[in-house]
1. Among the lysines, which have Cα under 21 Å from the Cα of Lys81 when same-chain residues fewer than 8 positions away are ignored?
2. So in the chain, what percent of DSSP beta bridges are antiparallel if you round to the nearest 5?
3. Once you sort the root eigenvalues of the Cα gyration tensor of the stretch 37-171 as a ≥ b ≥ c, which label holds: rounded (a/c under 1.5), prolate (a/b larger than b/c) or oblate (the other case)?
4. Percent of alpha carbon pairs in the stretch 138-200 separated by more than 13 Å?
5. Mind checking the stretch 71-176 for GluC sites (Glu not before Pro) that DSSP puts in a loop (not H, G, I, E or B) and that have at most 15 other Cβ atoms within 10 Å?
6. What FRET efficiency do you get for Arg370 and Glu422 if R0 is 41 Å and r is their Cβ-Cβ distance, rounded to the nearest 0.05?
7. Assuming R0 = 41 Å, what is the FRET efficiency of Ala241 and Asp219, from their Cβ-Cβ distance, to the nearest 0.05?
8. Taking +1 at the Cβ of each Lys and Arg and -1 at the Cβ of each Asp and Glu, which of Leu33, Ile180, Val77 sits farthest along the dipole of the chain towards its positive end, judged by Cα position relative to the Cα centre?
Amino acid sequence: MDRRRVLAFVFALACAGPHLRAQASLAEELERLVDLPSAAERKQAARGLAERCAARVGELEAAARAFGRFEPLASGVQELKVELRVGAQNEATELSLYVPASYTTERAAPLLLAFHGTGGRGRELLGMWRRFAEECGMLVLAPTEAGPNVGYRFSERERLAALAALRWVRRRANVDENRIFATGISRGGHLAWDLALRFPDVFAGLAPMIGGPRITLQDGQNNLRYCENVVGLAIRDLQGAKDDPALVWSVQAIFDKLRRLNALDAQLVQQEDHGHSFEISAVDWAAFFSAKRRDPRPARVVRASAREHEGRAFWVEVLEHGPNVKEDFTPKVSAAGWASKSENEKRLYLIAEAEKRTARLQVERGGAGRYSATSTSVKRWRILLEAQDLDGKQELVVTWNGDSSKQRPRPSAFVLLEEFAERFDRTFVPLAELQLR
């Protein structure tokens, strides 16, 4: 750049200086907020920043939608050892990352989160997905289990570790929030299903292999009760027909239910000649990953939940359950009655008993600021609202189980910042909330 061009650039920067400095400052503030280690620290910092920026909600929204400064990544396989914050602890974790040759920091790329089987390592999955990653320009992140590598235990720690790995890569690579996929083999297939059923609005698609949901009622394992959460999710499941009968039954059961719920794009690919194995070529993966996208603002949202703090789906969140909601329970049935049931009847009975103890909320967004909601076992919930949902002169009308109420929510820096601190989703930036009880 010659001297005249440098001087012209400096002069232009000086003229626009205050505005650009303010935008840069907000971008830096958001980065510091998102990078705090724990949810509690992020919430406290969000409150403090909101107090300082109460009158700058529009600027905060613009900074949130433009969020993300990323360093270039070398293409190919990267083996990394990182500290991930998992709950209240730090865990030294091995991450295997594949970066396609087409990746650039200037364009958001799809991401496949891949989970290994029992006793395995994340790097073992990269070879399986490398060709599709190159065809689709897709990043692949495969964490290695940092705890006991003895099979999936359906524990909160395991779920938090997987989400921490996802958070880590999203802060270092320009990941398309609407094209995040989860896959896994065996133990990893169980984990992929569990994450999607509990956090359905994170993913655009699900590709589990020889792993499935559970109907076990103890230790928080029962997740088939959340089936309705993934009705809108694109799913391709590879399952050997000669695998463990209980696993095959559970996989078939969730797809039977998804069909009854009119799921749009859920496909079970059951391979008759396979046991605890599969043939990956049964699905056109390049077409699957290229075509599927998450809609961050669906007109209709359904959320089933039984665990506190797992009530979120898109722009709706269950905040408090009714007293009959139970994650773990022992059904009351006589010994004679239980003994008289076949194995399938026992399984169906457990599914029905779990559903009786599961909260369900369905909300539809209509025109002119109108929302219609129905629920069972929900005491308190909220709607998150973006700028396009708000009109300062218009009251929002919510009809919930037949009763209507009117509210006029106002933009709030804290709502925006608390949400962004956890999700840093550039495609869905709520400015206000509407709570109902």
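Each reported figure results from applying straightforward, stated rules to the coordinates on display, with no laboratory input. Not measured: the values here are computed from a predicted model. Here the Cβ is made from the backbone with ideal geometry for all residues, glycine too, and neighbour counts use every protein chain on show.
1. none
2. 60 percent
3. Oblate, since a/c reaches 1.5 and b/c is not below a/b.
4. 63 percent
5. Glu106
6. Efficiency, rounded to the nearest 0.05: 0.90.
7. That gives a FRET efficiency of 0.90.
8. Among Leu33, Ile180, Val77, the one farthest towards the positive end of the dipole of the chain is Leu33.
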